[in-house]
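Only one structure is covered here, and it is reproduced in the block below.
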Amino acid sequence: MKNSKIKNLTILSLLLTLAIIMGYLEAIFPVPMVIPGMKLGLCNLVIVIVLYQYGYCKAFVITVLRVLIVGLLLMNAAMIAYSLCGAILSLSGMWILKRWKCFSVIGISIGGGVLHNIAQIIVAIFLISNLLILYYLPILLVTGMITGAMIGVLSKSIMQRLDRINVKGIS
């Protein structure tokens with residue numbers, strides 16, 4: 001029992017570190033996008049895998065810690081608010097979709113990408129007090145679907161490989 005707890009803590013710590021590194025790299029080397037502020041969301045690759053392998057609570061802790069650590073290193077308070085709200089709504093939505101058992105990993109990841117952008121628009125409305133930002137929502141929904149699909153495909157592929165080599169989360 002003690003060994004399984006140590007193994008879990010070690011694996012989750014490594015996954016948190018990987019998410020932080022991905023977030024850091026994405027922040028300092030942004031992929032040139034046509035849409036301002038658009039990111040691939042590489043950190044979500046780790047979050048989707050943790051959600052499936054370890055469950056919502058552990059994915060939530062990794063999500064919050066990742067956002068706060070990367071945020072304190074590279075962002076201002078407003079950016080942390082955008083990122084944290086987007087990440088929490090995205091994760092919560094993915095967890096709900098996963099529980100319904102009628103969506104694939106790719107569909108769940110797309111839902112997470114879309115919800116992340118919706119949360120960021122809601123935060124923007126409160127921070128800048130301007131509803132005109134809603135005109136940006138359709139563009140963000142499309143980009144959320146595209147990046148969510150990409151992250152979903154990668155997550156599915158990685159989880160299939162982990163299953164083949166019998167690497168599973170220990171609850």
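Here, each number is a calculation from the coordinates, and none is a lab measurement. Please read these numbers as outputs of a predicted model, since none were measured by experiment. Here the Cβ positions follow ideal geometry from the backbone for every residue, glycine too, while neighbour counts run over all protein chains shown.
Values for this structure:
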read-out: Lys pairs under 30 Å by Cα in segment 2-164, provided they are eight or more residues apart or on distinct chains; value: 19
read-out: 5 Å-binned pair-distance histogram of segment 1-138 (Cα, whole percent); value: 2, 10, 18, 22, 20, 15, 8, 3, 1, 1, 0
read-out: Backbone HN-Hα couplings from phi across segment 66-82 [Karplus 6.51/-1.76/1.60, Hz, Gly and Pro as x]; value: 4, 4, 5, 5, 5, x, 5, 6, 10, 10, 9, 4, 5, 5, 5, 4, 4
read-out: Selection from Leu25, Ile96, Cys85 lying farthest towards where the dipole of segment 2-164 points positive, charges on Cβ; value: Ile96
read-out: Estimated inter-spin distance, Ile146 and Lys7, nm [label 7 Å along Cα→Cβ]; value: 4.2
read-out: For segment 16-25, 3J(HN,Hα) per residue [Karplus equation, 6.51 cos²θ - 1.76 cosθ + 1.60, θ = phi - 60°, Hz, x = Gly/Pro]; value: 4, 4, 4, 5, 5, 4, 4, x, 5, 4
